[in-house]
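Read the structure below first, then the notes.
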Protein chains: 4
Amino acid sequence: MLDADAFKKIVESASFHRLIGLTLESANAASGVVVLRLPYDPKLSIFPEAGVYHGGVIASLIDVAGAVACGLPLGRPTPTANFRVDFLKSPAKIDLIATGKLVRSGKTVSVADVEITDDDGEVYAIGRGTFSTSAAFKAIEAGAESANR
Amino acid sequence: MLDADAFKKIVESASFHRLIGLTLESANAASGVVVLRLPYDPKLSIFPEAGVYHGGVIASLIDVAGAVACGLPLGRPTPTANFRVDFLKSPAKIDLIATGKLVRSGKTVSVADVEITDDDGEVYAIGRGTFSTSAAFKAIEAGAESANR
Amino acid sequence: MLDADAFKKIVESASFHRLIGLTLESANAASGVVVLRLPYDPKLSIFPEAGVYHGGVIASLIDVAGAVACGLPLGRPTPTANFRVDFLKSPAKIDLIATGKLVRSGKTVSVADVEITDDDGEVYAIGRGTFSTSAAFKAIEAGAESANR
Amino acid sequence: MLDADAFKKIVESASFHRLIGLTLESANAASGVVVLRLPYDPKLSIFPEAGVYHGGVIASLIDVAGAVACGLPLGRPTPTANFRVDFLKSPAKIDLIATGKLVRSGKTVSVADVEITDDDGEVYAIGRGTFSTSAAFKAIEAGAESANR
């Protein structure tokens, strides 16, 4: 059974998250709300001159924020089945905040919504996904075990 | 008017693509088919022990393959409006191939499908997105200009 | 330029809406919020014994609520480009309320969210879609003209 | 265990399908391909003058074709978790064919793709959805039982 601290350790020790610099700011199992932060780094942009984030980076935040929002109340990681991302406006040269919220907790699948904002709450993208609550997520079991120690 | 070579230069010079090592193998404006390759690197995994790709990396490939499939016949970049990704099985420690196909070319939006496979054609994920054909994509104009010289 | 009353006339005079009994309760251009009501009728169920709504009926409400939410501030109908619907729980033998909200108004596409609830606000399904704001919607021009007289 | 004939009976006896006139032309468990037909009827249009199908009708076909494609190999109905529909062009005053194909069969969820075409194979809309393979679908159990007799 993983708690919020364990989820934080897993998220922040994952290889791809270390590559892009993703951190978990808060995770509340009772409210089902998860907040991630991604500091701006030019390497995450399409071209540094404009500094606009690559859409794949934004999609990555949605994937993670949704997965943690669905996994936290169960105390274990829940693999992503699918998600949709809508890009509303292009964030450039700013830190991104991803706020994931559990919409429905189910026996086989859960649903989460994610908003990508800046620190002032302006919304740049929105995501919605389905996460498998009945499947094991072997890919991060090793990470989960070490994080739970 | 950007041709396939210019799209290749843009894709391969983009900051985030250099970070993850993405290359454009082929792009055919007539058929509307685009093929990207991503060599496996442990830093793109969730945890290197399992070597399973982070979902955000797969989503990034879908974003790019769809955008190039829609932009190529127009000769200019087309910003992503939205996409959906379905994860079918988890690829681990292999190169990924993203094949984007133009489904519908429209005055304001185009639609593309993308398959994420290995070199043998086994499908790991599928994506479908809408790309804006009437909006300018300022974020990569600088890159496009330099790629087109 | 169609106002809320004209949208109500269009929605309620459309053939398929008359078939299923859909009504527009309110539409506010300033807030971007649209509320539809669908009284329960056994013919809208899969099988009347259980009385559970057919998923296509719920999807129809999402399509319409999203389209009106996006079209109302522009004063003209906006054709649906795409939408996603997530079924959270099965409504049975109750009236359905569809509340559409404009999320982003764009030059070429707008985005709307829709919740399907009962009169007490319990959520049964959620939808999110993209609607074309630059394309004419010839299919309902005749209806729009007669509604605007 | 429901076979193709039983699925045909269920589909064609469902209340909402009788309302719109939907029939199941073929369903092949081995290939995972399901074909539905919807004869044109003005009551399924937005306005009969133009005769353009309501988007909700098209979404209904996607819902059903995907659900049967996923349920057929299991021999039981699979409730829809979510789907996305992309409208490519507007069909008017023609019969619609919905061809559903099983993309991935899973223990908890399956994925299906659906194309909406005319009899000549011209594509008007495409759908992709996730269907729950581990959940019971009580809403149509009564119908399934009577169809299986």
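General observations
- Residues satisfying the stated conditions in segment D:102-117, i.e. open to solvent by 20 Å² or more (accessible area, probe 1.4 Å) and not hydroxyl-bearing (S, T, Y): D:L102, D:V103, D:R104, D:K107, D:D113, D:E115
- Scanning segment B:11-24 for residues that are open to solvent by 20 Å² or more (accessible area, probe 1.4 Å) and in contact (Cβ under 8 Å) with a residue 40 or more places away in the chain turns up just one, B:S13.
- One residue from C:G32, C:G55, C:G71 being modelled with pLDDT of 95 or more, over 18 Å from D:I62 (Cβ atoms) and more than 10 Å from the chain's Cα centre (by Cα): C:G71
- The single condition among (1) surrounded by fewer than 17 Cβ atoms within 10 Å (Cβ to Cβ); (2) part of a strand (DSSP E or B) that A:F131 does not meet is (1).
- Within segment B:26-55, being part of a strand (DSSP E or B) and crowded, with 16+ Cβ neighbours inside 10 Å holds for B:A27, B:V33, B:V34, B:V35, B:L36, B:R37, B:L38, B:S45, B:V52, B:Y53.
- C:I58 meets the conditions (1) β-branched (V, I, T); (2) in contact with a Gly (Cβ under 9 Å, 6 or more places away or on another chain); (3) open to solvent by 10 Å² or more (accessible area, probe 1.4 Å); (4) closer than 21 Å to D:V85 by Cα in every case but one. The failed one is (3).
- Residue in segment D:84-101 that is within 25 Å of D:T133 (Cα to Cα) and open to solvent by 50 Å² or more (accessible area, probe 1.4 Å) present: yes
- Extreme residue, modelled with the lowest pLDDT, among residues of segment D:118-149 that are among the hydroxyl-bearing types (S, T, Y) and closer than 24 Å to D:S15 by Cα: D:S146
- Total residues in segment B:25-56, condition over 18 Å from B:V114 (Cα atoms) and touching a residue at least 24 places away in the same chain (Cβ under 8 Å): 6
- Odd one out for D:K138 among (1) free of Cβ contacts under 8 Å to residues at least 24 places away in the same chain; (2) open to solvent by less than 40 Å² (accessible area, probe 1.4 Å); (3) facing chain C (nearest Cβ under 9 Å): (2)
- Note on segment C:1-55: residues that are in contact with a His (Cβ under 8 Å, 6 or more places away or on another chain), over 27 Å from C:E145 (Cβ atoms) and of a type in the set (A, V, I, L, M, F, W, C) amount to 2.
- Checking each residue in segment B:59-80 for being within 9 Å of another protein chain (Cβ to nearest Cβ) and either assigned to a helix (DSSP H, G or I) or β-branched (V, I, T) (or both) picks out B:A59, B:S60, B:L61, B:I62, B:D63, B:V64, B:A67, B:T80.
The values are calculated or read from the model by the stated rules, or taken from the named source; none is laboratory data. All values derive from a computational prediction rather than experimental measurement. Every residue, glycine as well, gets a Cβ built from its backbone with ideal geometry; the counts of neighbours run over all protein chains shown. Ligands, DNA and RNA are excluded from the accessible area calculation, which covers all protein heavy atoms including side chains. Shrake-Rupley method; radii C 1.70, N 1.55, O 1.52, S 1.80 Å.
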